[in-house]
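All remarks here apply to the structure that follows.
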Amino acid sequence: MHYIDGTWRGAAGAATRASINPFDQSVLDTVAEGDRADAQEAVAAARRAFDTGPWRQTTASARGRLVTALGQLVAEHADELARIETLDTGKPLRDSEQDMADIAGVFRYYGELADKDAGREIPAPAAGITSRVLREPVGVCGLICPWNYPLLQLSWKLAPALAAGNTVVAKPSELTPLSTLRLFELMTALDLPPGVANLVLGPGPQVGAELARSPGVDLVSFTGGIETGRQIMRAAAGNVKKIALELGGKNPNIIFADAALDTALDYALTAAFLHSGQVCSAGARLLVEEGRYDEVVAWLAAAVPAIRLGSGLDPEAETGPLVSAEHRAKVEAYIRLGVEEGARLVCGGRRPDDPALAGGFFVEPTLFADCDASLRIVREEIFGPVLTVERFASEDQAVALANGTDYGLAGAVWTGDAGRAQRVAGALRAGTVWINDYHPYVPHAEWGGYKQSGLGRELGVAGFEEYTETKHVYENGAPRPQRVFAGRR
Ligand code: NAD
């Protein structure tokens, strides 16, 4: 069902779609499959709610309380939501549980931030003048989300959008709509005015494209693939709407010879294979300094095949399947390409033999060694369980290799040399750099990409400001005749 203007309804065309468990292809639920008409209805509802509804009169503090309450709802229903997320995406339950804790934290953060920006008063340029800069909501926001972290990515958009006073139309990925559906069911307890938060399900080229195109939408915040991001930019040009894009990554994880190697390698496995590599910030490119290169490849050659695949509900499973048959085919095509390009396939690359996994969209964790920047598997985002290893001889070369793709989302440096850590962090062209760590993020620090990894920032104060316009109000307390056009008096 869609949630539009405060009511649940089926798709205008009465179409439905089965949501599939990627572990065994069982049908988890059958949901509405919307199209452009549904998106248009939701945009119209959001437009009315923004332009003429009571929402605009809500104080920032009241909106903050609402967003905080939404976070509490997530925390109270964390077990249920985590289970839904695991069934729909295939990721291990402990990862989904971590997502829910993070989501509650994101709502809490923006709930608290909602009334902290009081605008600012600028020193009067002349007697009798007041000059204030106010922050106002942008208007109707389309929130288009991917399938790898369905509810987490939505929270990064929904929390600041509502806290800032916008109305929204959310569109989850058609592959993983179930946790978003449940969140909207829970949200009805909050008595938001009708039309403030709308949900439309359906395929990207229909529902998502309509949100990107619609003249009734003032801002589109999109997380997903780079090619879709380009299409959204083009569609958004029609009414010059604001856009925020969180696109992919091909993130370098750099290990210098002086690093604490056991720890670095332990983290490198998680960096590359968490959620089967379906993570925008995955450390999919390992760069290793010459002196430790052979040791690292030998360690990985033993560790990567030992990664336990399984159902997300199996506590023994370390990672799950890919999200769909189509996505698995894309990952497998990249693995074939790597072999054709001449990279050394050390392990993995096939579907697992275990009959218990035969119904799922699994690919074995895969390791390619002796890679270099000429290979497409090194430069392009695969978004699967595929790790490439390159060697470098100097700090300068490590930085050049690390920066040598079109992406710039994240990266990590492992070294015992504090000065080098800071130098390399400074030189990396990426929105997030970890030093002797990988993957953590915090709601109060901005997240986003350099280069083609995106436009704008989520999280942090900037992630709130994305959903606002500034307005300069200049008041002349005692206007005097100007007498510029004296003859017209
Ligand atoms: P995708 O681009 O295929 O789809 C993302 C969303 O866009 C889905 O809801 C989809 O229905 C919609 N969509 C598809 N075509 C559209 C169109 N023409 N117009 C408007 N909307 C459209 O991406 P995906 O496969 O769901 O997610 C994987 C990608 O997301 C990866 O590239 C990954 O790196 C990226 N990602 C980035 C971040 C980040 O923070 N930078 C986080 C998560 C995922």
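None of the figures in this text is laboratory data; all of them are computed from the coordinates on show. Since this is a predicted model, take the numbers as computed values, not measurements. Cβ atoms come from the backbone with ideal geometry, glycine included; neighbour counts cover every protein chain shown.
For the chain, relative contact order (Cα pairs under 8 Å, six or more residues apart, normalised by length) works out to 18 percent. Kirkwood-type hydrodynamic radius, region 63-170: 15.5 Å, calculated from all non-identical alpha-carbon pairs. The long axis of helix 290-303 is offset from the longest Cα principal axis of the chain by roughly 90 degrees.
Find the percent of Cα-Cα distances in the chain that exceed 36 Å, and round it to a whole number.
Values: 40259 of 119316 pairs.
For the chain, the fraction of Cα-Cα distances above 36 Å is 34 percent.
For THR176, what is the net charge nearby, where nearby means another residue's Cβ is under 15 Å from its Cβ and Lys, Arg count +1, Asp, Glu -1? Result for the neighbourhood of THR176: -3. Taking the charge dipole of the chain about its Cα centre, with +1 at Lys and Arg Cβ atoms and -1 at Asp and Glu Cβ atoms, the residue from LEU247, PRO321, THR415 reaching farthest to the positive side is LEU247. Compared with the dominant principal axis of the Cα atoms in the chain, helix 226-236 is inclined by about 20°.
Near LEU28, the amide H atoms lying under 5 Å from its own belong to SER19, ILE20, ASN21; only residues 5 or more places off or on other chains count, and H is placed 1.01 Å from N. When the Cα atoms of region 1-146 are aligned to their principal axes, the ranges along those axes come out at 73, 38, 21 Å in descending order. In terms of overall dimensions, region 370-477 has a Cα radius of gyration and Dmax of 18.0, 72 angstrom.
Other residues whose C-beta falls under 10 angstrom from the C-beta of GLY310 contribute a net charge of -3, scoring Lys and Arg +1 and Asp and Glu -1.
Among LYS451/LYS471; LYS171/LYS451; LYS330/LYS451; LYS250/LYS451; LYS250/LYS330, which pairs are too far apart, with a Cα-Cα distance over 18 Å?
Violating the 18 Å limit, Cα to Cα: LYS451/LYS471; LYS171/LYS451; LYS330/LYS451.
The equivalent ellipsoid that matches the C-alpha gyration tensor of region 421-489 spans semi-axes of 49, 15, 12 angstrom, in descending order. Along region 143-154 the Karplus relation, 6.51 cos²θ - 1.76 cosθ + 1.60 evaluated at θ = phi - 60°, assigns HN-Hα couplings of 10, 10, 10, x, 9, 7, 10, x, 7, 4, 5, 5 Hz to successive residues, with x for each Gly and Pro.
Summarising the overall dimensions of region 210-317 from its C-alpha atoms, the Rg and Dmax are 19.9, 58 angstrom. Each semi-axis of the equivalent ellipsoid for region 89-144 is √(5λ) with λ an eigenvalue of the Cα gyration tensor; in descending order they amount to 42, 14, 7 Å. Just to be sure I understand the curve: with the Debye formula and one point per C-alpha of region 309-414, what is log10 I(q)/I(0) at q = 0.10, 0.15, 0.16 Å⁻¹? Per q value, in the given order, log10 I(q)/I(0) is -0.34, -0.70, -0.78.
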